[in-house]
């Protein structure tokens, strides 16, 4: 099994909804940060190696057909080289709405690492370094976050050939996603999940 679909959209761009959608469309299992959070003994060392510049992609994505969210999105360049036939989906939303959502979820979580449960601290250290490598260091204001978000999106569009890239917002629903992947449109609503409350419940559930 190899990766067929790679999400280049960073956290808080509808990645959890996209994960559910890809599983529904037959491109699962789909890898997501939740896999790391819920399986830290096996998954965290792999991503620590990747952040240090020594990734083992076959080991990371063994058994998965798709991957979305961080940590995956940080490595879109490397994964484009590793999986040259994969299709990429760039999750997107307005930079301002993303900055507000990110600052009240992931950024807030990372800023409180000293208060985190002991078993989450190594994971949070990895995520902090990963996101910094992605151009989002600690301490940015809203304008800085907006600029970082836009820079990431532009970098993805510059790296991935247009024929293999879909810029996608969850509000677009099934049609553009299914057309891009060449599959029928399901007769059900597009999944909408992982709002800010659900984000904190997921983190708490892993502690």
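The values are calculated or read from the model by the stated rules, or taken from the named source; none is laboratory data. All of these numbers come straight from a predicted model, not from anything done at the bench. For neighbour counting, all protein chains shown are included, and Cβ atoms are generated from backbone atoms with ideal geometry for every residue, glycine included.
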Reported set for region 141-173 where residues are at pLDDT below 95 and surrounded by 15 or more Cβ atoms within 10 Å (Cβ to Cβ) is 170
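May I ask you to verify whether residue 92 is within 21 Å of residue 140 (Cβ to Cβ), in contact with a strand residue (DSSP E or B) (Cβ under 6 Å, 6 or more places away or on another chain) and touching a residue at least 60 places away in the same chain (Cβ under 8 Å)? Show your work before the answer.
Working: within 21 Å of residue 140 (Cβ to Cβ): yes; in contact with a strand residue (DSSP E or B) (Cβ under 6 Å, 6 or more places away or on another chain): yes; touching a residue at least 60 places away in the same chain (Cβ under 8 Å): yes.
For residue 92, the condition - within 21 Å of residue 140 (Cβ to Cβ), in contact with a strand residue (DSSP E or B) (Cβ under 6 Å, 6 or more places away or on another chain) and touching a residue at least 60 places away in the same chain (Cβ under 8 Å) - is met.
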Using the structure shown, decide if residue 44 is in contact with a helix residue (DSSP H, G or I) (Cβ under 8 Å, 6 or more places away or on another chain) and farther than 24 Å from residue 119 by Cα. no
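One line per residue, one yes/no per condition, for (1) farther than 21 Å from residue 57 by Cα; (2) more than 15 Å from the chain's Cα centre (by Cα):
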residue	(1), (2)
77	no, no
82	no, yes
85	no, yes
88	no, no
95	yes, yes
100	yes, yes
113	yes, yes
130	no, no
142	yes, yes
Search result, residues across region 1-14 that are touching a strand residue (DSSP E or B) at 6+ places or on another chain (Cβ under 8 Å) and modelled with pLDDT under 95: 14
Tally up the residues in region 174-207 that are modelled with pLDDT of 70 or more and in a loop (DSSP other than H, G, I, E, B), please. 12
Taking residue 131, is it closer than 17 Å to residue 74 by Cα, touching a residue at least 60 places away in the same chain (Cβ under 8 Å) and in contact with a strand residue (DSSP E or B) (Cβ under 7 Å, 6 or more places away or on another chain)? no
Please determine whether any residue of region 149-156 is touching a strand residue (DSSP E or B) at 6+ places or on another chain (Cβ under 7 Å), under 25 Å from residue 137 (Cβ atoms) and outside any helix (DSSP H, G or I). no
Let me spell it out: the conditions are (1) under 19 Å from residue 160 (Cα atoms); (2) touching a helix residue (DSSP H, G or I) at 6+ places or on another chain (Cβ under 8 Å), and residue 51 meets all of them except one. Which number is the exception? (1)
